[in-house]
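Engineer: Quick one: structure below, then a few questions.
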Amino acid sequence: MSRATVDVKELRQLLDAVVAVNAEASLPGVLQRILESATALVDARYGALGVLDPSGARLVEFRTIGMADDTVAAIGADPEGLGILGLLVADPRPIRLADLSAHPESHGFPPNHPPMTTFLGVPIRVRGEVFGNLYLTEKADGQPFTEIDEELAVGLAATAGVAIENSRLHERIGELRVVEDRERIARDLHDTVIQRLFATGLSLQGAAARIDDPALAGRLEQAIGNLDDTVRHIRTTIFELQRPRLPGRSLRQELLDIVDEVAGPAGLVRQVRFDGPIDLTVPTDLGDEVVAVVREAVSNVARHAGADTVTVQVTVSDDELEVRVDDDGCGPGPGAGNGLVNLRRRAEQHDGSSELVGGEQGGSTLTWRVPLAG
């Protein structure tokens, strides 16, 4: 992307979008973040992300943003990739239109569809194959989308492809049980995902060295740090994949499912991070405690914190297990409710501790620690 055409503000917006997309782990979460980030990046009123079927000939999933739920329901069935949407399906190259209706491939809109004029579409590729397409319409200022808008959307789509691939591999890890498949996924994570993250980090480091704006340079350094953290967690995953594992429960997968089950209905943006060989190290009885602690802590955030985001970090070291739950809500209330008392008792039964503290900028952090038997 040419620095002569993209200014500091636009580069900062692209950086924010890259960080937001890579913060998600699940594939549905990644797709939603891509859509939200893309519309904000080019200031589009409406956006859609269409996922192609394995043959690449039609859309099998269609996510939208900008339209009210009742409007989406009134429109009816999702499009399958005809008309203007089909242009990118047939020829996956970026396209900008000042007037959708003037294009010869335009088939018009179905009943109850809001009017749309300006259009920007870009493909999302995963390992060189088109995964789906981003469709953006109605630039907020009423003007056509610009060449810079197209460059920004293409840049985000490149990052989105890596994030989608990462999510797909992680989902497959939870589904596969055959040793050979686990080893192959570990190789894919190491040889493909980690190497691409390294390349992205080096690119950002190079950009930071050429930027005079201290604030933007700081954001770049933060993004580089986030990428390093992601690499560290992927290495932990690779370690668990490559070690022999007895049949039975996956504590890691249980915790992922619990956080989705409890935080999802509350509309919380959630992140779950693991550090260390969770499934190999934590005994069954302590694993039951961890499941109960995470359920209680996330439930407290969903019910009482007024938060938008919850982050669960489970860390295993040589001699200790730590569960940390952060949120960006209103902070701890007065006194200790039954939930917090139960968390403390669970920790004390294992000679551990549980503490809830407020952050300087709001929110709260629960830290639950217990020793691991040698």
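The values are calculated or read from the model by the stated rules, or taken from the named source; none is laboratory data. As the structure is a prediction and not an experimental result, all values here were calculated from the model. Every residue, glycine among them, receives a Cβ derived from its backbone with ideal geometry; neighbour counts consider all protein chains shown. Please note that ligands, DNA and RNA were not included when accessible areas were found on the heavy atoms of the full protein model with its side chains. Shrake-Rupley method; radii C 1.70, N 1.55, O 1.52, S 1.80 Å.
Engineer: How big is the charge dipole of segment 54-134 about its Cα centre, in debye rounded to the nearest 20, if each Lys and Arg gets +1 on its Cβ and each Asp and Glu gets -1 on its Cβ?
Structural biologist: 340 debye
Engineer: Same structure, new question: May I ask you to give the solvent-accessible area per residue for segment 5-161, in square angstrom, as obtained with a 1.4 angstrom probe?
Structural biologist: Solvent-accessible surface per residue comes out at 47 Å².
Engineer: For residue 55 and residue 154, compute 0.36 nm times the residue count separating them, minus their Cα-Cα distance, and round to one decimal in nm.
Structural biologist: 33.4 nm
Engineer: So, one more: Quick one: accessible surface of residue 319, probe radius 1.4 Å, all protein chains present, in square angstrom to the nearest 10.
Structural biologist: Around 100 Å² of this residue is reachable by solvent.
Engineer: I've got another one for you. Would you mind classifying segment 283-354 by shape? Square roots of the alpha carbon gyration tensor eigenvalues, ordered a ≥ b ≥ c; an a/c under 1.5 is rounded, otherwise it is prolate if a/b is larger than b/c and oblate if not.
Structural biologist: prolate
Engineer: Related question: Relative contact order, percent, of segment 18-101 when contacts are C-alpha pairs under 8 Å separated by at least 6 residues?
Structural biologist: Reported as a whole number, the value is 18 percent.
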